Amino acid sequence: MESTKPRSPRSTPAGCARRRVVRPAGQPVSPLGPEFAWVGAMHLAQLRIPLSAVALALLSLPPAGADEPATARFGERVDVEVVNVDVVVTNREGRPILDIGPDDFELRVDGKLVAIQYFAAPAAISGDLPLSGEPTDRAAAPETIGHHVPPVAPPAGPSTPTSLVVFVDQSALEWHTSKQIIEEIREYLLPRVDAGEQVFIAAFTDDLRILADGTSGRDEILAAIDEIEKMRGRGTRIASTRNYLERDIRTFDRYVDLEDAAGQAQVRGASPEGLRSQSASARNYLTQQINRLKHEIEQYGREELDRQQRSLDALQHFVDALSPLDGRKAVLFATAGYTSSPTAFLSALLEMKRGRRSNRSDFSGADAMDATAAELNTRFQAMLRTAQNARVAFYTIAPRTSPVMQNSAEFPSLGRHNERVPPRDIGLVEQSTSIRQIAHATGGQALYVDDGLSDRLVRVDEDGAAVYSLGFPVGPEAGHRDHQIEVLVRRPDAEARHRENFRRQSLPELTSQAVTAAAALGAAGEAFDIALELGEPKQDSARGREWILPFAVRLPLGDLALIPDDAGRSGRLLLQVALREADGDLRVSQTAPIDIRIPTADLEEALVRQWVHRAELRLPAGSHRIAVVVTDEGSGLLSTALATIEIQ
């Protein structure tokens, strides 16, 4: 009889269904490119994408033999987890309500009543609320997601901790707006740091940079904020490019006047040859100008979509890093928002000036841009789901800038050839909507840059001290689809803010989150013994600016959940590596599946030894934090290990 091996108590988002990835054995090693490297059966990519960057390359080497004793352990997984829903309850004036008991809440998942099995009162009341010993009187019997648990009085738990996090997207904020936001954040953080609160800080311009990984040191926080300020907002350049294109399109009338000139020549009695020549010249000139504008609009759109995709990827990685941290994470997110239609207004305006009714210009790359825009929307929704599962509450900080009026000093009228009003700027609408959606979907708030921002930032503290936590168990039957969460409070004046969805995450997703958190924030945990050993770095003779660092990962075979089969025992591990450099740049490899097979004849000897995996990293000179995670697919357990090295 095989023993039951329970799931690790590690605090993670719900979900651990298995996904097997099969790759052919003996995959040849291809030359390492600047962005990606195929090594053995592992495909690695770094988060920062520019071609001049040095790629993170992991070179698989033959595994070493077993060498140390371990105890045998076999088992099957018990996949029951707890989903915690953080709820902020306020009155109609937005002030927190702190005297709500568990019987005052109604929790629904996918429209069905669910029993609240775990309950934690807000930290602000400095104690547990009295709990009723009787189940709540409801119209229908409560249910759980994935399996049935009888309704019982929820036990009182400690208040939910809230981590304070800052993420500034400098890639689209205009310089003056960025400067104001950073000043407000600095003034907000310093009193809290002086009181001993730990803060996480990250920023994005061209790549993700982790600038403070949970520090309460005043000097470290000031240095991190100063570094963000040095990056300067890139949105001024983006806005200038867009304004230039809009002005150019609005003044398109003078090009149309060339056609009028050809008509006037006919009135003055010009020869037929002269008329044809002048008309052809006018049409050619118009065609050239239209093609130029179309090309510049298309180039602007592609650059904007690419920037937003990289921004979302950076935010996704940072949220992954926060996921394994216990409790709720309040993230001050300075952003200009996201739009999948950065050229919609410019294209529609150009078509209007050309006298066409279509809202879509006939770009040569229109279909490719549509596909990229669809991918951006997919990534946006994926980031939101990850944030919801990570218990992240976004407090977005964005500029409240009104669109320029149609006929202002900056933008003159559309000209005598156009009687219609300019088209609606869908891009601005989408940006504004995305900011509100990020805050609303995660139970946070949308804050705006104006004279009252300082006062509104205090709401982050008020929410953190007024969070109720409602917990319920889920099983594998919940699958990997999104489940809608609804929380009602049985008081006429109460309003509840909370995340909108949860989803059980797969084991590869949890693996990626664990290694990202280890490299980015130094957060490591062990469900079984694991050791990361670094060798002596050697300079690559073919690439003088790179070094090859050998390393080994060791763990006892007896700690793995190996499944019996006709030939002996087998299992599968997932291995992933992440790297954080001295300047905060973060790189994460793809997950590599590793199959383990032990013949029956070798089983007894193998189980008292260690499994060793040897590989190499290709690194630039500098200081590096290296993290590795090994996940056992059979048990659903994972362990991370950290090491640092200075290469000079």
Reachable lysines, given that their alpha-carbon falls under 27 Å from the alpha-carbon of LYS179 and they are not under 8 places away in the same chain: LYS230, LYS329
Across the range 521-529, in residue order, what do the Karplus-derived ³J(HN,Hα) couplings come to in whole Hz, using 6.51 cos²θ - 1.76 cosθ + 1.60 with θ = phi - 60° and x for Gly and Pro? 10, x, 8, 10, x, 10, 8, 8, 5
Run the quick spin-label model on ASP482 and ARG543: label points 7 Å from Cα toward the beta carbon, then report their separation in nm to one decimal. 3.9
Cα-based shape type of the range 489-648, given that a ≥ b ≥ c are square roots of the gyration tensor eigenvalues and the cut on a/c is 1.5: oblate
Using amide H atoms built 1.01 Å from N in the peptide plane, name the residues 5+ places from ASN501, or on other chains, whose amide H lies under 5 Å from its own. ILE485
May I ask you to evaluate 6.51 cos²θ - 1.76 cosθ + 1.60, the Karplus curve with θ = phi - 60°, for each residue of the range 607-619 and list the ³J(HN,Hα) values in order in whole Hz, giving x for glycine and proline? 6, 9, 10, 9, 8, 10, 10, 10, 7, 9, 10, 9, 10
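Could you please report the charge total around SER340, scoring K, R as +1 and D, E as -1 over all other residues with beta-carbon less than 13 angstrom from its beta-carbon?
On the way: positive: ARG302, ARG307, ARG379; negative: GLU304, ASP306, ASP370, GLU375, GLU430.
Its environment carries a net charge of -2.
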Amide H proximity to ILE100 below 5 Å, modelled H, separation 5+ or other chain, gives none
Within 10 Å, count the other beta carbons around each residue, average over each peptide in 89-101, 304-316, 628-640, and list them highest first. 628-640, 304-316, 89-101
Nonlocal amide H pairs with GLU546, under 5 Å, H built at 1.01 Å: ASP540
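Values in this text are rule-based calculations from the coordinates and carry no lab data. These figures come from a predicted structure and were not determined experimentally. Cβ: placed from backbone, ideal geometry, glycine included. Neighbour counts: every protein chain shown.
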